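The values are calculated or read from the model by the stated rules, or taken from the named source; none is laboratory data. Values in this document were obtained by computation on a predicted structure and should not be read as measured data. For neighbour counting, all protein chains shown are included, and Cβ atoms are generated from backbone atoms with ideal geometry for every residue, glycine included. Protein only, heavy atoms only, side chains kept; ligands, DNA and RNA dropped before computing areas. Shrake-Rupley method; radii C 1.70, N 1.55, O 1.52, S 1.80 Å.
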Amino acid sequence: MRKIGILTGGGDCPGLNAVIRGVVQKCLMNDIKVFGFKKGWQGALSGEGSELTFDLVEDIHTLGGTILGSSRTNIMKIEKGPEKVRAVIDKLGLEGIIAIGGDDTLGVANKLQKMGMNMIGVPKTIDNDLSCTDYTFGFDTATNIAADAIDRLHTTARSHSRCFVVEVMGRHTGWIAIQAGMAAGAHMILIPEFPKSIEDVIEVVVDRQWREKHYSIIVVAEGFELSGMDQENIETDDFGNVRLEKKEIGPKIAKMIEAKTGIITRATVLGHLIRGGTPTAFDRVLGTKFGVKAAELAIDKAYGNMVALQGTSIIAADLEKAVTIQKRVDAEFYENASYFFR
Ligand code: F6P
């Protein structure tokens, strides 16, 4: 009987379990066994995991997180990492691996594919920054939670005539910040794609005071950097990503606003709150469709591809292209949002 591996790597994301269920259901119905690796590439290195059955994945699409666990293990940084993965694949008799992850996890899958191992990618990240797909699953849930939180901050900010700086995830791009900020009526949105200085921010806050709008909500993506400021030297993870939680851009901007304007300013860092919990209906359905399509690619032995959403269709995109080009917020979207920066 044919057999395929599956793993979830990188930061978890609502909708992962829907993908796993989709893959397992479709593969088992086509006589392909599915081996679930524990903790992402860490499991593929050690062989830790077990076979997934219909019963094990029943109804899991409504659950947040991942039943397989995740890690940020970079096998390219481990001595003989790829060789160890190849040995595990051979030992377990797998045809290949379905890797569910963001740019780091799928970047590794792409390298292994080039080394002759069979890989299929599924685009996962709340950050929504993978190219070739209109949306990654998890993004919808994260932005809805963030928008709800910003709505709530509006009422307390208005009651106390305060300024709030709300920091949301978004390492390289500002998709979450712009989507949630626009939905919840932020007075300014700061994202990595479009530089702004502290003076630009203060101008909006002070102008609102003048217009007797005695409160402001500023939404900032964690990866944003104020223009004209010195870069800090901050530690990185296994993939070379800066540990952004140590940078605290939101609290920093809040302190600067208060110091320069005298307006009481608070910072709220939403952090992992928007990544946890149950997925929205959109993410459950997108995850399920991605899982089924990934299984279809495995059935057809169409390796080296990543499943993707284009328009309303689920298609197979080239894995290499998807991991090498980053999808960034475009000028038109930012311009639309900026009409409301006042
Ligand atoms: O998975 C992407 C992401 O959510 C980024 O937005 C964020 O910078 C990072 O994960 C946080 O990683 P960790 O959970 O390891 O702190």
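Within the stretch 271-309, list the residues whose amide N lies under 11 Å from a label point set 7 Å along Cα→Cβ of residue 95. Counting only backbone N, you get 295-303. Charge dipole of the stretch 141-276 (Cα centre as origin; +1 on each Lys and Arg Cβ, -1 on each Asp and Glu Cβ, all else neutral): 540 debye, rounded to the nearest 20. Sequentially through the stretch 254-271, phi angles give Karplus couplings (6.51, -1.76, 1.60; θ = phi - 60°) of 4, 4, 5, 4, 5, 5, 8, 10, x, 7, 4, 10, 10, 10, 10, 9, 6, x Hz, Gly and Pro residues having no value and appearing as x.
When the helices of the chain are scored as -39500 (n - 2.57) per DSSP H run of n ≥ 4 and the total is divided over every residue, the value at 222 nm lands at -12500 deg cm²/dmol. Rounded to the nearest 20, the Cβ-based charge dipole of the chain about its Cα centre (Lys and Arg +1, Asp and Glu -1) stands at 420 debye. Label-to-label distance for residue 134 and residue 197 is 4.0 nm, based on points extended 7 Å past Cα in the beta-carbon direction. Taking a sphere under 10 Å around the Cβ of residue 129 and counting the other residues whose Cβ falls inside, with K and R at +1 and D and E at -1, yields a net charge of +1.
Using Cβ point charges alone (K and R +1, D and E -1), the dipole size of the stretch 126-192 about the Cα centre works out to roughly 360 debye. Separation of the stretch 218-259 from the stretch 276-342 is 27 Å, based on Cα centroids. Here, the chain is characterised by an Rg to Rh ratio of 1.03, where Rg is the alpha-carbon radius of gyration and Rh the Kirkwood radius. Label separation (residue 1 vs residue 80): 3.2 nm, computed from points 7 Å beyond Cα along the C-beta direction. Candidate cross-link partners of residue 255 among the lysines, defined by an alpha-carbon separation under 24 Å and a same-chain spacing of 8 or more, comprise 196, 213, 246, 247. Across the options 15, 117, 43, the greatest Cα extent toward the positive end of the charge dipole of the chain (unit charges at beta carbon of Lys, Arg, Asp, Glu) belongs to 43. Between residue 87 and residue 207, the modelled label-to-label distance comes to 6.3 nm, taking each label 7 Å out from Cα in the direction of the beta carbon.
Ordered by 1.4 Å accessible area with all protein chains kept, 206, 329 run largest first as 206, 329. The stretch between residue 331 and residue 60 holds 93.7 nm of extra length on full extension. This uses 0.36 nm per residue minus the Cα-Cα distance. Which pairs in the list 38/84; 33/124; 39/114 are over 18 Å apart, alpha-carbon to alpha-carbon? Long pairs (Cα-Cα over 18 Å): 33/124; 39/114. Only one residue of 178, 251, 205 has its Cα farthest out toward the positive end of the dipole of the stretch 141-276, where Lys and Arg carry +1 and Asp and Glu -1 on Cβ, and that residue is 205. Taken one residue at a time, the phi angles of the stretch 109-120 give Karplus couplings (6.51, -1.76, 1.60, θ = phi - 60°) of 4, 5, 5, 5, 4, 5, 8, x, 9, 7, 10, 10 Hz. Gly and Pro are set to x. Once all protein chains are placed together, residue 86 keeps about 90 Å² accessible to a 1.4 angstrom probe.
Counting only protein heavy atoms and using a 1.4 Å probe, the accessible area of residue 230 comes to about 140 Å².
The listed residues 13, 132, once ranked by accessible area (1.4 Å probe) with the largest placed first, stand as 132, 13. Given 141, 325, 224, which one lies farthest toward the positive end of the charge dipole of the chain, if we put +1 on the Cβ of every Lys and Arg and -1 on the Cβ of every Asp and Glu? Final value for the positive-end residue is 141.
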